[in-house]
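Okay, so here's the structure we're looking at.
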Amino acid sequence: MKLSRIAAVVLAASIALPAAAESIAVVNGAAIDKKELDTAVANVVQSSGGKAQDNPELREQLKNSLITREVILQEARKRQLDKQPLFAQRLDDIRNEMLREALFADIAKQAPVTDAQIKDVYDKLAAQQSGSKEIHARQITLKSEADAQKVIADLKKGAKFDDLVRTRSIDPNAKQSNGEMGWGNLNRMDPPLAAALKDIRKGQTSGKPYQSPLGWHVFKVEDIRDAKLPSLDEAKPQIGRQLQEEAIAKAVEDLRAKAKIQ
């Protein structure tokens with residue numbers, strides 16, 4: 001692990017500890033407690049995923065980082081930068097954000113998401129996805145309906161979709177992406193878009209243009225397949241996060257409803 005990364009971890013993760021008898025360094029009369037170094041080492045080892053180990057070299061690097069940090073903080077205090085209004089405002093903002101996150105964590109702790117809730121959501125999704133299709137499509141984006149109709153006419157006359165993507169699409173990334181839209185589940189798309197794509201057979205192009213806020217589109221469906229739902233184990237983390245976010249949003253909504261707002 002490079003020194004710059006180690007220093008960043010120390011600055012972000014180390015915490016102030018009560019004074020103790022043993023110190024690793026004294027900077028202008030201010031002692032750096034060994035417990036602070038121990039905490040910094042533990043944070044680096046944990047955050048490295050096993051790549052960093054507690055050894056004399058790591059401890060020396062972190063010790064130097066802590067000394068540098070102390071020098072910086074002392075100079076900042078000497079210049080009374082912590083007394084400036086902007087600093088105080090930023091400190092309040094950080095504290096408020098931490099309080100917000102602490103409340104959300106407490107709400108989640110008091111109302112943990114259960115496996116039964118996750119399975120219920122998964123079963124409903126599975127029912128919705130049953131028999132649904134996924135479509136792999138590409139598109140040519142045009143400025144006007146007339147331009148789109150001209151592209152459709154050219155395709156019917158035998159023009160190559162790839163050539164028209166590169167020469168006619170107003171999408172600035174069209175030449176690199178070749179109009180790629182990727183795979184999309186028809187049941188999850190906006191209904192008008194899903195309806196437009198559903199009527200196009202594999203290997204065929206749009207019979208009429210589709211309008212969006214970005215312009216007019218002519219599609220080509222490259223492939224069609226049955227939608228595949230991830231397993232419950234695969235979907236569990238995402239569903240759990242979704243339910244937790246919904247619970248937090250509901251709790252905040254309840255708090256607003258109870259608050260006296262004038």
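Tabulated results
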{"read-out": "Rough spin-label spacing in nm, given labels placed 7 Å along Cα→Cβ, for Asp123 and Asp199", "value": "3.8 nm"}
{"read-out": "The range 28-58 versus the range 143-160: alpha-carbon centroid distance in Å", "value": "65 Å"}
{"read-out": "Relative contact order %, the chain, counting alpha carbon pairs below 8 Å whose residues are six or more apart", "value": "18 percent"}
{"read-out": "GNM top mover of Gly184, Gly50, Gly131 - the chain, alpha-carbon springs below 10 Å", "value": "Gly50"}
{"read-out": "Taking all pairs of distinct alpha-carbon atoms in the range 141-235, Kirkwood radius in angstrom", "value": "14.4 Å"}
{"read-out": "Two-site label geometry, Lys133 and Ser177: point separation in nm, points 7 Å out along Cα→Cβ", "value": "2.3 nm"}
{"read-out": "Under 5 Å, built H, 5+ apart or other chain: amide partners of Glu180", "value": "Gln139"}
{"read-out": "The range 224-262 versus the range 173-195: alpha-carbon centroid distance in Å", "value": "25 Å"}
{"read-out": "Sites Ala108 and Asn187, calculated FRET efficiency, Cβ-Cβ separation with R0 22 Å, nearest 0.05", "value": "0.15"}
{"read-out": "Residue-level accessible surface for Tyr122, protein heavy atoms, 1.4 Å, Å²", "value": "40 Å²"}
{"read-out": "Å² of accessible area per residue within the chain, as computed with a 1.4 Å probe and no ligands counted", "value": "69 Å²"}
{"read-out": "Label-point separation, Ala88 to Val26 (7 Å along Cα→Cβ), nm", "value": "3.4 nm"}
{"read-out": "Rg/Rg_globular for the range 39-162, with Rg_globular taken as 2.2 N^0.38 Å and Rg from C-alpha atoms", "value": "2.15"}
{"read-out": "Accessible heavy-atom area order of Arg166, Arg188, highest first, probe of 1.4 Å", "value": "Arg188, Arg166"}
{"read-out": "Listed residues Leu125, Leu58, Leu243, most fluctuating in the chain (Gaussian network, C-alpha, under 10 Å)", "value": "Leu58"}
{"read-out": "Sulfur and carbon atoms: percent of accessible area, the chain [1.4 Å]", "value": "52 percent"}
{"read-out": "Largest to smallest accessible area among Arg201, Arg138 [probe 1.4 Å]", "value": "Arg201, Arg138"}
{"read-out": "The chain: translational diffusion in µm²/s, Stokes-Einstein, Kirkwood Rh over Cα pairs, 4 °C, 1.567 mPa s", "value": "52 µm²/s"}
{"read-out": "Residue-level accessible surface for Asp199, protein heavy atoms, 1.4 Å, Å²", "value": "120 Å²"}
{"read-out": "Gaussian network model of the chain, springs between alpha carbon atoms under 10 Å - residue of Lys157, Lys202, Lys143 with greatest fluctuation", "value": "Lys157"}
{"read-out": "Sequence of Phe87, Phe104 from largest to smallest accessible area, 1.4 Å probe", "value": "Phe87, Phe104"}
{"read-out": "Probe 1.4 Å - accessible area at Ser132, Å² to nearest ten", "value": "10 Å²"}
{"read-out": "Å³ per residue enclosed by the Cα convex hull of the range 119-185", "value": "127 Å³"}
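The values are calculated or read from the model by the stated rules, or taken from the named source; none is laboratory data. Not measured: the values here are computed from a predicted model. Every residue, glycine as well, gets a Cβ built from its backbone with ideal geometry; the counts of neighbours run over all protein chains shown. Just so you know, the surface numbers come from the protein's heavy atoms only, side chains and all, with ligands and any DNA or RNA stripped out. Shrake-Rupley method; radii C 1.70, N 1.55, O 1.52, S 1.80 Å.
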